[in-house]
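Structure first, then comments.
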Amino acid sequence: MDNQANEKANQVQGVKRIYNAFFYSWAGLKAAYHYEAAFRQEFVLACLLVPIACLLPIGITLRALMVLSVILVLIVEILNSAIEAVVDRISQEQHILSKRAKDMGSAAVFLSLINLLGMWILGLWGLF
C-alpha cells in the first residue's frame, strides 16, 4: 500500500470506521465458512449446541460459559486459519518455522475444544 492510500485509510474515523470494520469482519466470516471445512464443522456444532445451552434448566452464568466456550472454538479456528493462510502465502516449501506456526495454531484449536468439553461437562453435570 502506498503512503497516500495508507494515510487515507488512517483518516477514516468514527461511524465510517465502524461500518467498514463490520464489513471486513463479515467478509472474514464468509471466507472462513467458504474455504475452511473445519470452521464449517464447528459452525454446525455451534448451531446445535447454542440452542441446547439456551434450553437447559441451568443458571445464567453456567449457560453463558457454555455458549462462550462454543464461540471461543470458532474464534480460535478463524485465527488458526488466518495463520495457515499467511504461512501458505509466504511459501509452500517445507520449513520448520512454518510447521511450528501451523502446529501451534492447531494446538490452540485443540485446547479450545478441550475447554468446550470441560464447560459442557460442568454444565450438564448437575442435570444427571
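So which pairs qualify, if the first residue must be in region 3-22 and at pLDDT below 65, the second must be part of a helix (DSSP H, G or I) and surrounded by 10 or more Cβ atoms within 10 Å (Cβ to Cβ), the Cβ gap must be under 8 Å, and the two must be at least 6 apart or on different chains?
Taking only residues 6 or more apart or on different chains, not a single pair turns up.
Could you say which residue among Ile78, Ile83, Ile58 is in contact with a helix residue (DSSP H, G or I) (Cβ under 7 Å, 6 or more places away or on another chain) and not in a helix (DSSP H, G or I)?
Ile58
Determine whether Arg89 is assigned by TED's automatic domain parsing to the domain that holds Thr61, basic (Lys, Arg), without any contact (Cβ under 8 Å) to a residue 60 or more places away in the chain and under 28 Å from Lys30 (Cβ atoms).
Criteria met by Arg89.
Among the residues of region 82-128, count how many are closer than 24 Å to Leu65 by Cα and within 19 Å of the chain's Cα centre (by Cα).
16
State yes or no: is Ser98 surrounded by 16 or more Cβ atoms within 10 Å (Cβ to Cβ) and out of contact with any Ser or Thr (no Cβ under 6 Å at 6 or more places or on another chain)?
Criteria met by Ser98.
Looking at (1) surrounded by 15 or more Cβ atoms within 10 Å (Cβ to Cβ); (2) farther than 29 Å from Leu127 by Cβ; (3) of a type in the set (Lys, Arg), can you tell me which one Lys30 breaks?
Only one criterion is unmet by Lys30, namely (1).
Any idea how many residues of region 53-67 are of a type in the set (Val, Ile, Thr) and surrounded by 14 or more Cβ atoms within 10 Å (Cβ to Cβ)?
Result for region 53-67: 2.
Output the residues belonging to region 112-128 that are in contact (Cβ under 8 Å) with a residue 12 or more places away in the chain and either closer than 22 Å to Ala37 by Cα or in contact with a Lys or Arg (Cβ under 8 Å, 6 or more places away or on another chain) (or both).
Within region 112-128, Ser112, Leu113, Asn115, Leu116, Gly123 qualify.
Go over the candidates Leu74, Leu79, Leu68 one by one and state the one that is under 19 Å from Leu124 (Cβ atoms) and not assigned by TED's automatic domain parsing to the domain that holds Lys30.
Leu68
Scan Val50, Val70, Val44 and give me the residue that is in contact with a Leu (Cβ under 6 Å, 6 or more places away or on another chain) and either buried (at least 17 other Cβ atoms within 10 Å of the Cβ) or part of a helix (DSSP H, G or I) (or both).
Of Val50, Val70, Val44, the one residue that is in contact with a Leu (Cβ under 6 Å, 6 or more places away or on another chain) and either buried (at least 17 other Cβ atoms within 10 Å of the Cβ) or part of a helix (DSSP H, G or I) (or both) is Val70.
The values are calculated or read from the model by the stated rules, or taken from the named source; none is laboratory data. If you're wondering where the values come from, they're calculated on a predicted model, not measured in any experiment. All Cβ positions, glycine included, derive from the backbone under ideal geometry; neighbour counts span all protein chains shown.
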